[in-house]
Amino acid sequence: MISRACFRFAESMSTYKLPRRDLEDLQMKRLRRTLELAHENVPFWHEVLDGVDMRPDEFRSLEDLRKLPI
């Protein structure tokens, strides 16, 4: 069975040669997923995101992170 670390390493190698735009799209997709999980499961992040009136799926760029009071 492949460990999670090995899977992550293999996954990172598959993104190694992606064009910059595709890599940025993948990073935003992963960021939105992380924010979704945090919003659903962590009361602090639920309050922070609701406080700035943004849902995780509304994040479109890294500039949107500036809206967070952190």
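Scanning the range 34-46 for residues that are surrounded by 11 or more Cβ atoms within 10 Å (Cβ to Cβ) and not hydroxyl-bearing (S, T, Y) yields L35, E36, L37, A38, H39, V42, W45, H46.
Mind checking which residues of the range 51-61 are open to solvent by 80 Å² or more (accessible area, probe 1.4 Å) and free of Cβ contacts under 8 Å to residues at least 12 places away in the same chain?
Within the range 51-61, just D53 meets the criteria.
The helices (runs of 4 or more DSSP H) found wholly in the chain and carrying at least 3 residues that are under 10 Å from the mean Cα position of the chain (by Cα) and modelled with pLDDT of 90 or more occupy 20-41. Can we say P69 is touching a His at 6+ places or on another chain (Cβ under 6 Å) and free of Cβ contacts under 8 Å to residues at least 60 places away in the same chain? No.
The values are calculated or read from the model by the stated rules, or taken from the named source; none is laboratory data. Just so it is clear, the structure is predicted and the values come from calculations on it, not from any experiment. Cβ atoms come from the backbone with ideal geometry, glycine included; neighbour counts cover every protein chain shown. Please note that ligands, DNA and RNA were not included when accessible areas were found on the heavy atoms of the full protein model with its side chains. Shrake-Rupley method; radii C 1.70, N 1.55, O 1.52, S 1.80 Å.
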